[in-house]
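K.L.:
First the structure, which I've put down as structure tokens, then a few questions once you've had a look.
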Amino acid sequence: MNEDVQTLSRIRSLERLYRDGYRSKVIDATIDKLIAMESMALERELADLENHLREFELQYHLTSDEFYSRFRNGEMGDSADMFEWSAFYQMRASVLKRLETLRSEAA
């Protein structure tokens, strides 16, 4: 069994326990700590990605949102910079989605 499957299996076991009425302050605190730690790591990753995006925005005098819309419409060419900018933009979107998920679960 690979690590991802094992982790999901353990999470489901805890979910079943909680659905059946089991409660543990240790588990609650541990989960809160894990969410906080993962959120901090994602926030650091987000800051790094936003720095990369800002560099492109300054160089090309476009917001990343405007760039990405034009890039997807084929209006920005196919230079290495354009593909790198697009990759950073997509990575930021992925990080933001994960952060939103963690924040909604922590609320």
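K.L.:
How much length is gained if the chain between Thr63 and Lys33 is pulled fully straight, taking 0.36 nm per residue apart and subtracting their Cα-Cα distance, in nm to one decimal? Walk me through the numbers on the way to the answer.
P.N.:
Values: separation 30, 0.36 × 30 = 10.80 nm, distance 3.53 nm.
Value of the extension gain: 7.3 nm.
K.L.:
Let me know the charge dipole size of the chain about its Cα centre in debye, to the nearest 20, where only the beta-carbon of Lys, Arg (+1) and Asp, Glu (-1) is charged.
P.N.:
Details: 15 positive and 21 negative charges, 157 e Å.
With only Lys, Arg, Asp and Glu charged at Cβ, the dipole is about 760 debye.
K.L.:
Residues of the chain: accessible area per residue at 1.4 Å, in Å²?
P.N.:
Numbers: 8140 Å² over 107 residues.
Per residue, the chain has 76 Å² of solvent-accessible surface.
K.L.:
Describe numerically, in nm with one decimal, the distance between label points set 7 Å from Cα along Cα→Cβ at Arg23 and at Arg103.
P.N.:
Roughly 2.9 nm, to one decimal.
K.L.:
For the pair Asn51 and Ser9, how long in nm is the line joining their label points, each one 7 Å along Cα→Cβ?
P.N.:
Placing both labels 7 Å beyond Cα along the Cβ direction yields 4.1 nm.
The values are calculated or read from the model by the stated rules, or taken from the named source; none is laboratory data. Keep in mind that this is a model prediction, so the values were computed, not measured. In this analysis, Cβ positions are derived from the backbone assuming ideal geometry, glycine residues included, and neighbour counts consider all displayed protein chains. Surface accessibility is based on the protein's heavy atoms, side chains included, excluding ligands, DNA and RNA. Shrake-Rupley method; radii C 1.70, N 1.55, O 1.52, S 1.80 Å.
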